[in-house]
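Peer 1: Here it is, the structure in full.
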Amino acid sequence: MSVAQPVVAEKENAIVRMMKDLERALKKPPSERRWGMVIDLTKCVACDACTVSCKAENKTPPGVNYTLVIKEEVGTYPNVREVFLPRPCMHCENPPCVDVCPVGATWKNEEGVVVIDYDVCIGCRYCMTACPYGARTFDFGDWYTEGTPHLAPYETAPTFEYGEMRVRNEHESPVGNVRKCHFCLHRVHEGLLPACITDCIGRARYFGDLNDPDSLVSELLRERYSFRLKEELGTEPKVFYLT
């Protein structure tokens with residue numbers, strides 16, 4: 001009689017597989033890889049671990065969230081259920097947020113990730129209006145421990161977004177800038193998966209090179225039905241959902 005493999009082993013195998021995919025992708029020139037994310041909606045339990053891990057990794061302040069889980073109740077009593085939709089930045093192939101930026105502070109890099117230069121951003125928030133996914137938020141300079149004798153050390157600890165060390169304070173970027181998910185590029189370029197991928201308790205999130213037919217993300221998209229949000233807009237997101 002066969003014995004079912006424990007869930008822990010399945011999670012480990014997925015992570016190991018994605019780490020190998022990542023190692024292989026990083027050996028290619030940046031222009032030859034295209035980072036993407038696949039989210040399995042049948043596994044998401046709306047635990048918000050992705051949101052918490054992202055905030056911890058990027059030390060984002062109140063009101064600044066790079067990834068959220070949208071929760072909605074559907075149906076009519078007594079046939080009612082909840083549906084969950086994790087929503088990071090879609091990293092569109094045709095990002096409408098880029099075209100409206102008057103100073104060129106946001107663009108799609110050669111790996112297909114939509115990024116922001118905090119030192120160029122003037123905080124006009126045109127990109128927030130243009131984004132059809134609500135994936136951008138503004139840093140107003142708030143603190144979780146504001147009003148206490150001292151700001152908590154975790155709020156003033158350095159961050160490494162986009163591979164550049166920054167210490168957030170009220171006078172410098174990214175305060176006064178628009179902020180968003182960047183696929184944890186500072187981790188990816190060091191051979192680590194995005195924080196939300198490794199911390200998802202249901203193993204509902206997958207990350208890898210969409211240009212690699214042997215990657216786990218490519219395999220999932222071949223074998224499972226998938227969709228993207230608001231495809232009719234022609235934005236061509238690089239975040240796919242499995243059902």
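The values are calculated or read from the model by the stated rules, or taken from the named source; none is laboratory data. All figures in this text were calculated on a predicted structure; none of them were measured in a lab. Positions of Cβ are generated from backbone atoms using ideal geometry, with glycine treated the same way; all protein chains shown enter the neighbour counts.
Peer 1: What tally of residues in the range 161-183 results from selecting those that are touching a helix residue (DSSP H, G or I) at 6+ places or on another chain (Cβ under 8 Å), of a type outside the set (V, I, T) and farther than 24 Å from C101 by Cα?
Peer 2: Summing the residues that are touching a helix residue (DSSP H, G or I) at 6+ places or on another chain (Cβ under 8 Å), of a type outside the set (V, I, T) and farther than 24 Å from C101 by Cα in the range 161-183 gives 1.
Peer 1: Could you say whether any residue in the range 96-113 is in a loop (DSSP other than H, G, I, E, B) and hydroxyl-bearing (S, T, Y)?
Peer 2: At the first step, the residues of the range 96-113 found to be in a loop (DSSP other than H, G, I, E, B) are 101-105, 109-113.
Right, trim to hydroxyl-bearing (S, T, Y) and you get none.
Among the residues of the range 96-113, not one is in a loop (DSSP other than H, G, I, E, B) and hydroxyl-bearing (S, T, Y), which makes the answer no.
Peer 1: Here's a follow-up. Please determine whether any residue of the range 179-192 is within 18 Å of L242 (Cβ to Cβ), out of contact with any Asp or Glu (no Cβ under 9 Å at 6 or more places or on another chain) and of a type in the set (A, V, I, L, M). Explain how you work it out, then say what you get.
Peer 2: Step one: of the range 179-192, the residues within 18 Å of L242 (Cβ to Cβ) are none.
No, the range 179-192 contains no residue that is within 18 Å of L242 (Cβ to Cβ), out of contact with any Asp or Glu (no Cβ under 9 Å at 6 or more places or on another chain) and of a type in the set (A, V, I, L, M).
Peer 1: Could you check the range 106-120 and list, in sequence order, the residues that are surrounded by 22 or more Cβ atoms within 10 Å (Cβ to Cβ) and either of a type in the set (S, T, N, Q) or free of Cβ contacts under 8 Å to residues at least 24 places away in the same chain (or both)?
Peer 2: Within the range 106-120, T106 is the sole residue that qualifies.
Peer 1: Are there any pairs with C-beta distances below 7 angstrom linking a residue in the range 170-185 that is without any contact (Cβ under 8 Å) to a residue 12 or more places away in the chain to a residue that is part of a loop (DSSP other than H, G, I, E, B) and charged (D, E, K, R), with the two at least 6 apart or on different chains, and if so which?
Peer 2: Between residues of the range 170-185 that are without any contact (Cβ under 8 Å) to a residue 12 or more places away in the chain and residues that are part of a loop (DSSP other than H, G, I, E, B) and charged (D, E, K, R), there is no close pair.
Peer 1: Still on this structure, please answer the following. Can you confirm whether the range 219-240 contains a residue that is within 24 Å of P29 (Cα to Cα), among the charged types (D, E, K, R), surrounded by fewer than 13 Cβ atoms within 10 Å (Cβ to Cβ) and without any contact (Cβ under 8 Å) to a residue 12 or more places away in the chain?
Peer 2: no
Peer 1: Against the definition (buried (at least 21 other Cβ atoms within 10 Å of the Cβ), in a loop (DSSP other than H, G, I, E, B), under 21 Å from the mean Cα position of the chain (by Cα) and not basic (K, R)), how does C92 come out, yes or no?
Peer 2: In short, yes.
Peer 1: Hey, V69 hits all of (1) touching a residue at least 60 places away in the same chain (Cβ under 8 Å); (2) in contact with a Pro (Cβ under 6 Å, 6 or more places away or on another chain) but one; which does it fall short on?
Peer 2: For V69, the exception is condition (1).
Peer 1: State whether the residues of the range 44-64 include one that is in contact (Cβ under 8 Å) with a residue 24 or more places away in the chain, of a type outside the set (K, R) and closer than 16 Å to V217 by Cβ.
Peer 2: No, the conditions are met nowhere in the range 44-64.
Peer 1: Say whether the condition of being within 16 Å of K180 (Cβ to Cβ), in contact with a strand residue (DSSP E or B) (Cβ under 6 Å, 6 or more places away or on another chain), among the hydroxyl-bearing types (S, T, Y) and modelled with pLDDT of 95 or more is met by at least one residue in the range 64-79.
Peer 2: no
Peer 1: Anything in the range 62-89 that is part of a strand (DSSP E or B) and aliphatic (A, V, I, L, M)? List them, or say none. Lay out the reasoning, then the answer.
Peer 2: Going through the range 62-89, the residues part of a strand (DSSP E or B) turn out to be 68-76, 79-87.
Once the filter is applied, which keeps residues that are part of a strand (DSSP E or B) and aliphatic (A, V, I, L, M), the range 62-89 yields L68, V69, I70, V74, V80, V83, L85.
Peer 1: Sort through C97, C92 and tell me the only one that's closer than 25 Å to R168 by Cβ, modelled with pLDDT of 95 or more, out of contact with any Lys or Arg (no Cβ under 6 Å at 6 or more places or on another chain) and not charged (D, E, K, R). Walk me through how you get there before you give the answer.
Peer 2: Details: C92 fails: closer than 25 Å to R168 by Cβ.
After applying the criteria, what remains is C97.
Peer 1: Does V98 count as under 18 Å from K230 (Cβ atoms), among the β-branched types (V, I, T) and surrounded by fewer than 16 Cβ atoms within 10 Å (Cβ to Cβ)? I'd like the intermediate steps shown before the answer.
Peer 2: Details: under 18 Å from K230 (Cβ atoms): yes; among the β-branched types (V, I, T): yes; surrounded by fewer than 16 Cβ atoms within 10 Å (Cβ to Cβ): no.
Answer is no for this residue.
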